[in-house]
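Notes follow the structure.
What follows is calculated from the coordinates using simple rules that are stated; it is not laboratory data. Predicted model only: the values in this text are computed from it and were never measured. Note: ideal-geometry Cβ built from the backbone for every residue, glycine included; neighbour counts use all protein chains shown.
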Amino acid sequence: MKRAVYAGSFDPPTIGHLWMIEQGAKLFDELIVALGTNADKKYAFTEQERLAMLGKCTAHLSNVKVTFFVNQFLVNYARSAGATYILRGIRNESDYEYEKGMRYINSDLDPQITAIFLIPPRKIVEISSSLVKGLIGPEGWEKIIGKFVTPAVHQKLLEKFRDSTNEASLKNRWLALCMTIGATQDTEKIFAILSRLYSEKERAYHKFLHIEECLNELENTRALCMDPNTLEMAIWFHDAIYNPRLKNNEEQSAKLAYEATKTMGLSETFAQKVADLVRTTIHKAVPTDPDAQLLTDIDLSILGKLAAEFDEYEKKIRKEYSWVSEDQFRAGRTAILRSFLARPSIYATEYFRNKYEKQARENLARSLAKLSP
């Protein structure tokens, strides 16, 4: 059996790493993807997080095994793993010079282990973990890094770094909305209240990240809105009160929205419209109001996202209901997901049906299968 080791720190794994792994899976009977750990080096992700990301990236490759080693020469680890090949990537001249020197050193340590070098395609040759991490921070980084990693790794990067980088940009969006609609009082105070609520430690999914994703969906559909400013304000408040143990979160969020908009100096009519929109996110029935339809579709857009992102969402929902027994959660979640599948269409608007309906039904069916005892 031809067995090889492909090692790295994978902090985080990139599509460049995945290309190497897929090529190695074709070349060898078994490929060991080994996470090298140095106790003196500082990593962005823990060993467990990197192993989990690698596991998701390589789940489609039956002859790939993901593992780790600590403070060993790679050639010694390869020998202990029963491998006779070491797989390495060369992206540029400096990589070549370094790998050439290591090839000679490894050969001296164990001449029975052969180094195999691969050069990635031009379009991914510059991608590295350092490049990905270096892009985090500036406005729009979330979309840019998605080009260089798999969906599962992208989601993990968002979870780890987005909360620390998005509040400032979200505040700017909030203040811009308040200026547009003529809110004149306590706008920063209300934002601070929202920030505190969406940062509650019990939340896993219903955080500011969910609000930001809803706002991004709104930007793509603003031209379809009857009253986009009212709808945008409703997005900010629709999950402001969130306690999975209670049945009236939407009603409490609607009341907060009404009181907050009034506090900011906005009209009774505006405040009531925002509150009424927030109430529709209980998702008990398909609303008839066009803006309410858009709001509920935006709120449910996660159901139609790519499988990896949807699966992460399901894990977060389970975390929010960690106090519920497994049997109770399975029964309750199954009922909710089946209610969406039973609809003639999950989404109320043509735009979202075209964009997400097919994927949403696939995601829900897959989730229901997992929930089956």
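On the basis of the beta-carbon distance and an R0 of 41 Å, residue 357 and residue 117 show a calculated FRET efficiency of 0.35.
Contact order normalised by length for region 3-134, with contacts defined as Cα pairs under 8 Å and 6 or more residues apart; what percent is it? It comes to 31 percent, rounded to a whole number. Distance distribution note for region 141-371: the fraction of Cα pairs above 30 angstrom is 23%.
The long axis of helix 268-279 is offset from the longest Cα principal axis of the chain by roughly 50 degrees. The helix-only estimate of mean residue ellipticity at 222 nm for the chain, built from DSSP H runs of length n ≥ 4 each weighted as -39500 (n - 2.57), is -18500 deg cm²/dmol after division by the residue total.
The smallest convex shape that holds all Cα atoms of region 152-283, its convex hull, gives 116 Å³ per residue. Here the simple spin-label model places points 7 Å from the Cα toward Cβ, and for residue 65 and residue 47 these points are separated by 1.8 nm.
With q set to 0.10, 0.16 Å⁻¹, the log10 of I(q)/I(0) for region 3-134, from the Debye formula over equal scatterers at the Cα positions, is -0.29, -0.81.
For region 255-311, what is the Kirkwood estimate of the hydrodynamic radius, computed as the reciprocal of the mean inverse distance between distinct Cα atoms, to one decimal in Å?
Radius from the Kirkwood sum: 12.7 Å.
Can you bin region 168-243 into rounded, prolate or oblate? Criterion: square roots of the alpha carbon gyration tensor eigenvalues sorted a ≥ b ≥ c, rounded for a/c under 1.5, prolate for a/b above b/c, oblate for the rest. Oblate shape, in that a/c is at least 1.5 and b/c is the bigger or equal ratio.
Taken as Cα centroids, region 207-240 and region 1-49 sit 40 Å apart, rounded to the nearest whole angstrom.
Short-range pairs are left out: with C-alpha atoms under 8 Å and at least six residues apart, the relative contact order of region 191-331 is 24 percent. If you plug the beta carbon distance of residue 225 and residue 72 into 1/(1 + (r/R0)^6) with R0 = 51 Å, you get a FRET efficiency near 0.30. Note on residue 339 and residue 246: with the Förster distance fixed at 22 Å, the Cβ-Cβ geometry gives a FRET efficiency of about 0.65. For the chain, the relative contact order works out to 12 percent when only alpha carbon pairs closer than 8 Å and six or more residues apart are counted.
Once the Kirkwood radius over Cα pairs is known for region 85-177, the Stokes-Einstein relation at 20 °C and 1.002 mPa s delivers a diffusion coefficient of 131 µm²/s.
In this label model, residue 95 and residue 80 are separated by 2.7 nm, measuring between points 7 Å along each Cα→Cβ vector.
In this structure, the residue pairs whose Cα-Cα separation is over 23 Å, taken from 201/355; 65/143; 189/319; 171/247; 171/262; 319/358, are 201/355; 65/143; 189/319; 171/247; 319/358.
Most mobile of 235, 119, 86 per a Gaussian network model of the chain (Cα springs, under 10 Å)? Judging by the Gaussian network model, the answer is 119. According to the calculation over all Cα-Cα pairs in region 8-49, the P(r) per 10 Å bin from zero is 25, 48, 24, 3 %.
Using only side-chain charges placed at the Cβ, +1 for Lys and Arg and -1 for Asp and Glu, the dipole size of region 141-371 relative to its Cα centre rounds to 740 debye. Within straight-line reach of residue 255, meaning a Cα separation under 14 Å, sit the following aspartates and glutamates at least 8 residues removed in sequence or on another chain: 239, 268, 276.
Rg of the Cα atoms in region 272-373, relative to 2.2 N^0.38 Å, amounts to 1.11.
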